[in-house]
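The next block holds one structure in the form of structure tokens; read it before the comments.
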């Protein structure tokens, strides 16, 4: 018999859990990890050759949309990779807009005039909103293209204007990676420059969402990364965490949130949305980022 005894201090600390309230927001990783770009800070490492998460089957999406309707979900979000790489995506949007407000997260490059016309048509015949979010990483063309690829700055702005001219009022989604490139610039100055940028192309009603950088995926996790402790959650309003009211569906199952899609510990179920509506573990460093910043992947 071994004389060794594990002390309490040596036992692994169980991470706290986020309470679950009501499923308001449902996300779909519609294109898996396939993307037409290879951005240097992508938190799930999407790229033209990443097939870790598969493209979702159209009928599976419709299957989950039926469950979402039964559960009273308030809004649907589609993300990728790049959603417009899915060959049925416009059909999927048309079906979704019959029952839900829809938001699409895209880099904007696949939206040519023909697709923009189709989006305008789908929006015009639905009683629900269609929000298109277009990604950019810096108001400076050279700095943005250094992160997202040559030519992406102009193409993204052209798509923003293309949709704006059709009355869709897109949202420019900006990551705070610019803070790494311009550490001496105050966030308020940066925000104003994005407004100036959109106004310079004739946008009178700029819409901008700024999100924090998550040190995961393409960016390495720091050796001394911070995590949420049980003490931090004491008397904390759990509804401030997006995982208390949202779930993400991918080809291989249901996850706690969009940030942790593909993470084994964040997987909440397989085929049933209802079975995934339970507390999730706040085990990841990304959970700490959400905790500190109030981050939500929703539009506002």
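Only one of the numbered conditions (1) over 17 Å from the mean Cα position of the chain (by Cα); (2) within 17 Å of residue 54 (Cα to Cα); (3) in a strand (DSSP E or B) is not met by residue 268, and that is (2).
Residues checked against (1) farther than 24 Å from residue 114 by Cα; (2) at pLDDT below 90:
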{"site": "167", "(1), (2)": "no, no"}
{"site": "170", "(1), (2)": "no, no"}
{"site": "175", "(1), (2)": "yes, yes"}
{"site": "187", "(1), (2)": "yes, yes"}
{"site": "216", "(1), (2)": "yes, yes"}
{"site": "228", "(1), (2)": "yes, no"}
{"site": "241", "(1), (2)": "yes, no"}
{"site": "244", "(1), (2)": "yes, no"}
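Among the residues of the stretch 33-73, which ones are surrounded by fewer than 20 Cβ atoms within 10 Å (Cβ to Cβ) and part of a helix (DSSP H, G or I)? Of everything in the stretch 33-73, those that are surrounded by fewer than 20 Cβ atoms within 10 Å (Cβ to Cβ) and part of a helix (DSSP H, G or I) turn out to be 58, 59, 60, 62, 63, 66, 67, 69, 70, 71. For the stretch 273-300, the set of residues classified as out of contact with any strand residue (DSSP E or B) (no Cβ under 8 Å at 6 or more places or on another chain) and not in a helix (DSSP H, G or I) consists of 283, 284, 294, 296, listed by residue number. List, please: which pairs have Cβ atoms under 6 Å, are six or more places apart or on different chains, and start with a residue in the stretch 264-282 that is free of Cβ contacts under 8 Å to residues at least 24 places away in the same chain and end with one that is surrounded by fewer than 21 Cβ atoms within 10 Å (Cβ to Cβ) and assigned to a helix (DSSP H, G or I)? Hits for this filter: 269/275. Among what's in the stretch 74-97 and is out of contact with any strand residue (DSSP E or B) (no Cβ under 8 Å at 6 or more places or on another chain), outside any helix (DSSP H, G or I) and without any contact (Cβ under 8 Å) to a residue 40 or more places away in the chain, pick the residue that is surrounded by the fewest Cβ atoms within 10 Å (Cβ to Cβ). Looking at residues that are out of contact with any strand residue (DSSP E or B) (no Cβ under 8 Å at 6 or more places or on another chain), outside any helix (DSSP H, G or I) and without any contact (Cβ under 8 Å) to a residue 40 or more places away in the chain, I get 87.
Which residue is farthest from the chain's Cα centre (by Cα), if the candidates are limited to the stretch 123-163 and must be over 27 Å from residue 196 (Cβ atoms) and crowded, with 18+ Cβ neighbours inside 10 Å?
Looking at residues that are over 27 Å from residue 196 (Cβ atoms) and crowded, with 18+ Cβ neighbours inside 10 Å, I get 126.
The values are calculated or read from the model by the stated rules, or taken from the named source; none is laboratory data. If you're wondering where the values come from, they're calculated on a predicted model, not measured in any experiment. Every residue, glycine among them, receives a Cβ derived from its backbone with ideal geometry; neighbour counts consider all protein chains shown.
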